[in-house]
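So the structure is just underneath, and the comments pick up after that.
The values are calculated or read from the model by the stated rules, or taken from the named source; none is laboratory data. All of these numbers come straight from a predicted model, not from anything done at the bench. Here Cβ is always computed from backbone atoms with ideal geometry, including for glycine, and neighbour counts include all displayed protein chains. SASA here: full protein model, heavy atoms, side chains in, ligands and nucleic acids out. Shrake-Rupley method; radii C 1.70, N 1.55, O 1.52, S 1.80 Å.
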Amino acid sequence: MTQKLDIKAIPILSDNYAWFVHDGVTGAAAMVDPAQEAPLTAAIDAAGGGLDLIFLTHHHADHIAAADALRQRYGARIVGPAAEAARLPRLDIAVRDGDVVALGQSRAQVIATPGHTAGEVSYYFPDGPALFCGDTLFSMGCGRLFEGTPADMFASLQRIKALPDDTLICCGHEYTQSNARFALHVDPDNAALKQRAGQVADLRRRGLPTLPVPLSVERLTNPFLRAGDVATLARLRGEKDSF
């Protein structure tokens, strides 16, 4: 049976991930949040040299810096949030909440997830299932509120929380080990969290990524996703900012 969606994390910069995605039926390829040209072109060329789409989640430079170079080299079209178009490379496909973008036979559903930035979006592929969420949700953490409010982030996390348990969370950064330290600080008796923190420590000792992670694991271990209301999330985010 052909796997519908193939996903590969590519480490870039100091602690970012770009995500290289293939539709298993047609071979159509996409890169999510490309910010460093050399490792990404190496991965694309090693896979046959095709790139159809570039997905951007938000406007920060560490998620977009190589987008134009990849478009020029491979002829890929750039997909990104219409709300941030003025701060992004020229968009070939400007998307809004509820839009659907085809990658071969796979479909990316656009989910507005403001909080980290005002116009950030996430891309949900039911065929994974997988969510490419930029800097909205991290494993055991969430993004800093540079442009949005705690209410924005809470609403965004609730939308993510509503996705299927087996959804693979594909975040923009390898922050998991530091996030685990804070999570254990605020939730020290959480057995699932202790287990996950141990697994993460082992992965990092071996130089391996901690992502993607199933949403089911985040439901049990992520204090921000587990926050029951806006006030709790705001308190946690404030504590994490100075932790």
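Observations on the structure shown:
- Test: Ala180 is over 24 Å from Glu84 (Cβ atoms) and in contact (Cβ under 8 Å) with a residue 40 or more places away in the chain: yes
- So Leu70, is it buried (at least 21 other Cβ atoms within 10 Å of the Cβ) and touching a helix residue (DSSP H, G or I) at 6+ places or on another chain (Cβ under 6 Å): no
- Residue, most open to solvent (accessible area, probe 1.4 Å), within the range 116-139, restricted to residues that are of a type outside the set (A, V, I, L, M, F, W, C) and part of a strand (DSSP E or B): Tyr124
- Helices (runs of 4 or more DSSP H) fully within the range 13-111 counting 3 or more residues that are under 16 Å from the mean Cα position of the chain (by Cα): 61-64
- Leu236 vs. criteria in a helix (DSSP H, G or I) and over 25 Å from Ser14 (Cα atoms): yes
- Qualifying residue in the range 128-136 (condition: within 18 Å of the chain's Cα centre (by Cα) and of a type in the set (D, E, K, R)): yes
- Residue satisfying condition, being out of contact with any Ser or Thr (no Cβ under 9 Å at 6 or more places or on another chain), open to solvent by 20 Å² or more (accessible area, probe 1.4 Å) and more than 28 Å from Leu5 (Cα to Cα), within set Ala231, Ala227: Ala231
- Members of the range 157-177 that are acidic (Asp, Glu) and either crowded, with 18+ Cβ neighbours inside 10 Å or in contact (Cβ under 8 Å) with a residue 60 or more places away in the chain (or both): Glu174
- Residue match in the range 179-187 (condition: part of a helix (DSSP H, G or I) and among the aromatic types (Phe, Trp, Tyr)): yes
- Yes/no for Asp135 being over 30 Å from Asp6 (Cα atoms) and not small (Gly, Ala, Ser): no
- Residue match in the range 81-97 (condition: farther than 24 Å from Gly148 by Cβ and open to solvent by less than 10 Å² (accessible area, probe 1.4 Å)): no
- Any chance Leu13 is closer than 22 Å to Thr117 by Cβ and surrounded by 18 or more Cβ atoms within 10 Å (Cβ to Cβ): no
- When Ala155, Ala197 are screened for being assigned to a helix (DSSP H, G or I) and either modelled with pLDDT under 95 or farther than 19 Å from Thr113 by Cβ (or both), only Ala197 passes.
- Residue in the range 48-59 that is open to solvent by 60 Å² or more (accessible area, probe 1.4 Å) and of a type in the set (A, V, I, L, M) present: no
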